[in-house]
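So the structure is just underneath, and the comments pick up after that.
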Amino acid sequence: MCLFGFDGQLISCWPSLLFVRPKPGLFAQNNYCLSSNGLLSLNKYMMQSPLWVNDVLNLFFPNVCQACGDALGRQEKVMCISCQVKLPKTGFYLHEDNPVSRVFWGRVNLNAATSFLFFNKGGNVQELIHALKYKNNKEVGVLLGELFGYELNQSPLFNNIDLVIPVPLHPRKYRKRGFNQSETIATGISRAIKASVDFENFIRLVNTDSQTRKSRYNRWENVKGVFGIRNEETLQNKHILLVDDVLTTGATLEACAATLLALENTKVSVATLAYAQV
Ligand SMILES: [Zn+2]
């Protein structure tokens, strides 16, 4: 057997199997194996294999916690139980007046607003967001969305959501990235709160520039007229939960909510995975 650790390189020769680790972004999963059936996701291969085979494979390609990097146990997926217990939850969802809803005061009339976790630089939440956004680990978004959704179920402020809608990416950015990270979070939330998702009817019309170095006023100018609605009837008379990954200035969410609130009898609430103080 031989083992090399470079991305995109041969990393292991097994008598009957050849394992390759593709370059980042080439495939959604980290590890692949080349078997007599062709290239196969290692995770898929492991699901089809007896437990002892999984244990042997785990020795060389452990499934690791996306927050702390430790190997996951048989019953654990995406994140270890210890990290799940230690997630820095905000608890904002229970209070109408909270630091997230205050971000939007005087800007747009939301029904309610909350974030699931505190975003601390260098902490586990940053690791999780990084795994979701830059390592294309969609399972992180779905799992955190589900955990968030179970929390929202405990709040009367969020108990009558009709539709979960992610902040949309421009089609060009979507093609480049391959997926919208907010869609994965919205998927998880919708499963937990038993509401529908809509990825089709709220769209981004303009591919805006990076907003990292703009002031709040400029950011708002930058997102005005950026979003549009495809089929108004599907979004009218609904309580919409607008979902994003990290809340910073709120300018993008404000523009999204303002666009949706122009519809007849529509209520909008906001839920972001993480809250970063600016
Ligand atoms: Zn962990």
### Task
For an R0 of 35 angstrom, estimate the FRET efficiency from the Cβ-Cβ distance between residue 75 and residue 201 and round to the nearest 0.05.
0.35
### Query
List the GluC sites (Glu not before Pro) in the stretch 220-273 that DSSP assigns to loop (not H, G, I, E or B) and whose Cβ has at most 13 other Cβ atoms within 10 Å. Which are they?
264
## Note on the structure
Phi angles of the stretch 192-199, converted by Karplus (6.51 cos²θ - 1.76 cosθ + 1.60, θ = phi - 60°) into ³J(HN,Hα) in whole Hz with x for Gly and Pro, give 6, 9, 6, 10, 7, 10, 9, 9
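Determine one quarter of the surface area of the Cα convex hull of the stretch 82-275, which equals its mean projected area, and express it in nm² to one decimal. Mind showing how you got there, number by number?
On the way: hull surface 41.0 nm².
With the hull built on Cα positions only, its mean projection is 10.3 nm².
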### Task
List, in order, the whole-Hz ³J(HN,Hα) value for each residue of the stretch 68-84 obtained from phi through the Karplus relation with A = 6.51, B = -1.76, C = 1.60 and θ = phi - 60°; use x for Gly and Pro.
10, x, 6, 5, 8, x, 4, 8, 9, 9, 6, 9, 6, 4, 4, 5, 4
## Note on the structure
If amide H atoms are modeled at 1.01 Å from N in the peptide plane, then the residues at a separation of 5 or more from residue 267, or on another chain, having amide H under 5 Å from its own are 238, 239, 240
### Summary
When 252, 266 are arranged by how many other beta-carbons sit within 10 Å of their Cβ, fewest first, they go 266, 252
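Arrange the peptides 64-72, 183-191, 154-162 so that the one whose residues have, on average, the most other Cβ atoms within 10 Å appears first. Don't skip to the answer; put the middle values down first.
Numbers: 64-72: 16.9, 183-191: 25.0, 154-162: 15.3.
For the peptides 64-72, 183-191, 154-162, the packing ranking is 183-191, 64-72, 154-162.
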### Query
Which residues' amide hydrogens lie under 5 Å from the amide hydrogen of residue 247, considering only partners 5 or more residues apart or on another chain, with H built in the peptide plane?
274, 275, 276
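Give me D for the stretch 114-199 in µm² s⁻¹, whole number, from Stokes-Einstein with Rh from the Kirkwood sum over alpha-carbon pairs, 25 °C and 0.890 mPa s. Intermediate results must be reported in sequence, preceding the final value.
Working: Rh = 13.4 Å.
Taking Rh from Cα pairs, D becomes 182 µm²/s.
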### Query
Over 27 Å between Cα atoms, which of 194/267; 121/267; 77/238; 77/173 qualify?
121/267; 77/238; 77/173
### Message
I'd like the Karplus ³J(HN,Hα) series for the stretch 127-135: coefficients 6.51, -1.76, 1.60, θ = phi - 60°, whole numbers in Hz, and an x wherever there's a Gly or Pro.
### Response
4, 5, 5, 5, 4, 6, 7, 10, 9
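Where Lys and Arg each count +1 and Asp and Glu each count -1, what net charge lies around residue 230 among other residues with Cβ under 12 Å from its Cβ? Don't skip to the end; give the middle numbers.
On the way: positive: 204; negative: 198, 200, 232, 233.
Value of the local net charge: -3.
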### Task
List the residues whose amide H sits under 5 Å from the amide H of residue 202, counting only those 5 or more places along or on another chain, with H placed 1.01 Å from N in the peptide plane.
230
### Query
Shape of the stretch 95-144 from its Cα gyration tensor (a ≥ b ≥ c, root eigenvalues): rounded if a/c is under 1.5, otherwise prolate when a/b > b/c, or oblate?
prolate
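Every number in this text was worked out from the coordinates using simple rules, so none of it is lab data. Fair warning: this is a prediction, and the values are worked out from it, not measured in the lab. So basically every Cβ, Gly included, is an ideal-geometry build from the backbone, and we count neighbours across all protein chains shown.
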